[in-house]
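Report on one structure; see the data block that follows.
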Amino acid sequence: MIRYNYQGGNVAALRELATRYSKEFLLNLFYKMYRIRLIEEAVAGNYHKDEMKTPIHLVIGQEAAVVGSCAVLKDTDLVYCSHRTHGVYLAKGGDINSMFAEFHCRLDGCTGSRGGSMHLMDKKVGMAGSSAIVGGAIPIATGFALSSQMQQKDNVTVVYLGDASVEEGVAWESINFAVLKNLPIIYFCENNFYSVCSPLHYRQPAHVPIHKKAEGFGLKTEFIDGNNVLAVYEASLRALQHVKENKGPVFIEATTYRWYGHHGSHEDADENAITGYRTREELNEWKKFDPVGMLKQVLLEDFAVDACIFEGYQQQISHEINQAFEFAMNSPRPSEEHLMRYVYSQ
Ligand SMILES: Cc1ncc(C[n+]2csc(CCOP(=O)(O)OP(=O)(O)O)c2C)c(N)n1
């Protein structure tokens, strides 16, 4: 199982942190993660109908990383991310109707059907953009942090990056610049140990963890269990405080694991899977550290939460999902007249 220097990584660590918080606070974090889980399952379950005209990259298994980190942000704080957008968008307060309409290539989509799943953008909630080019969001987000600093704005920019994006030179050029200029930015690396089908140890030397590389550039760094939503929340709070105190950018490496294939709607960890790059055994091992399941267990066992609360959540979210599908299917399709909007040329 791939888990270099894995930190915490079990329900006991989450349980210990949970003692610092109220039941309501924890239920709120749970609801946000569970909502993303159910939405992603519904997207996966309906994808074969071919009504969603977009490639998809599901975040199932990685919910704690986005929910724990976005929980410390305000609407005016900006987030950028890679192709794996759904979790960041929803955690930042994005609208499910706009997201589903975008997947269905409709005018009510958050980019009016221009972007699809890999390019969600919604300024209302501070979802400033996303890029399908590995590492592509990093310099853009760094530029936004520079702009905020020059305009003396009080906001912070967070850019979500995968473990593969630190293999792009532009990641380190941007980070070097951010340190030099003391920019108000947090680099949040969701290390899920794979770049499509290539494991991390094929691509990067095992004795130099990603946060250690960042440390060499002079940032404050954090190395956390990205499946422990409270570890993520606390590290993000520390990072936010550091940035707000004008002490410079922060790099967070959060270890996590995606359950589904790199893209598309299926799990691919199977002996019979065409890719064959990881085993069912490895996936099952990681499923023991299910971010949603671990928090549910703590809520049930330590906070005496009644199981029917979770059933209520499930019904509420399923209803929301059904309505969002309906909304998307009823939204108008773009026409030729929309094609040239926002296209500028001289
Ligand atoms: C510059 C560039 N090279 C290659 C690709 C093809 N590609 C798309 S996603 C991906 C893997 C990205 O892995 P990671 O950054 O770890 O994010 P994850 O998919 O694990 O969330 C690759 C290589 C690309 N989109 N852009």
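What to note about this one:
Residue-wise test of (1) of a type in the set (Lys, Arg); (2) touching a residue at least 40 places away in the same chain (Cβ under 8 Å); (3) outside any helix (DSSP H, G or I).
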{"residue": "GLY87", "(1), (2), (3)": "no, yes, no"}
{"residue": "THR111", "(1), (2), (3)": "no, no, yes"}
{"residue": "VAL158", "(1), (2), (3)": "no, yes, yes"}
{"residue": "ILE175", "(1), (2), (3)": "no, yes, no"}
{"residue": "VAL179", "(1), (2), (3)": "no, yes, no"}
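- Residue in region 91-110 that is within 16 Å of the ligand (Cβ to nearest atom) and at pLDDT 95 or above present: yes
- TYR187 in contact with a Phe, Trp or Tyr (Cβ under 7 Å, 6 or more places away or on another chain) and not hydrophobic (A, V, I, L, M, F, W, C): yes
- Picking from residues in region 57-84 that are over 18 Å from ASP122 (Cα atoms) and in a loop (DSSP other than H, G, I, E, B), the one that is nearest to the ligand (Cβ to nearest atom) is HIS57.
- With respect to (1) in a loop (DSSP other than H, G, I, E, B); (2) more than 16 Å from the ligand (Cβ to nearest atom); (3) within 30 Å of GLU245 (Cα to Cα), the lone exception for GLY135 is condition (2).
- Residue satisfying condition, being more than 12 Å from the ligand (Cβ to nearest atom), within 28 Å of ALA13 (Cβ to Cβ) and among the charged types (D, E, K, R), within set GLU173, GLU222, GLU190: GLU222
- Complete set of residues in region 138-156 that are in a loop (DSSP other than H, G, I, E, B), surrounded by fewer than 24 Cβ atoms within 10 Å (Cβ to Cβ) and in contact with a Leu (Cβ under 7 Å, 6 or more places away or on another chain): ASN155
- Test: residue in region 236-255 that is part of a loop (DSSP other than H, G, I, E, B) and in contact with a Pro (Cβ under 6 Å, 6 or more places away or on another chain): no
- Set side by side, the residues LEU26, LEU38, LEU58 differ, and just one is touching a Gly at 6+ places or on another chain (Cβ under 9 Å) and either within 30 Å of SER174 (Cβ to Cβ) or not small (Gly, Ala, Ser) (or both), which is LEU58.
- Helices (runs of 4 or more DSSP H) completely within region 281-346 that count 1 or more residues being exposed (fewer than 11 other Cβ atoms within 10 Å of the Cβ): 307-330, 336-339
- Residue check, LEU17 under 15 Å from ASN227 (Cβ atoms) and either surrounded by 16 or more Cβ atoms within 10 Å (Cβ to Cβ) or modelled with pLDDT under 95 (or both): yes
- Total residues in region 155-170, condition more than 12 Å from the ligand (Cβ to nearest atom) and of a type in the set (Ser, Thr, Tyr): 1
- Subset tally (residues that are touching a residue at least 40 places away in the same chain (Cβ under 8 Å) and within 16 Å of the ligand (Cβ to nearest atom)) for region 120-132: 4
- Flag for PHE217 being away from the ligand (no atom under 14 Å from the Cβ) and in contact with a Phe, Trp or Tyr (Cβ under 7 Å, 6 or more places away or on another chain): yes
- Among the conditions (1) loosely packed, with under 14 Cβ neighbours inside 10 Å; (2) more than 19 Å from SER69 (Cα to Cα), TYR260 misses just one, which is (1).
- Filtering region 248-280 to residues that are without any contact (Cβ under 8 Å) to a residue 40 or more places away in the chain and either of a type in the set (D, E, K, R) or under 30 Å from ASN176 (Cα atoms) (or both) leaves GLU267, ASP268, ASP270, GLU271, ARG280.
- Meets criteria (more than 16 Å from the ligand (Cβ to nearest atom), aromatic (Phe, Trp, Tyr) and at negative phi) for PHE144: yes
The values are calculated or read from the model by the stated rules, or taken from the named source; none is laboratory data. Everything numeric here is computed off the predicted structure, so don't read it as measured data. FYI the Cβ positions are ideal-geometry reconstructions off the backbone, even for glycines, and counts take in every protein chain you see.
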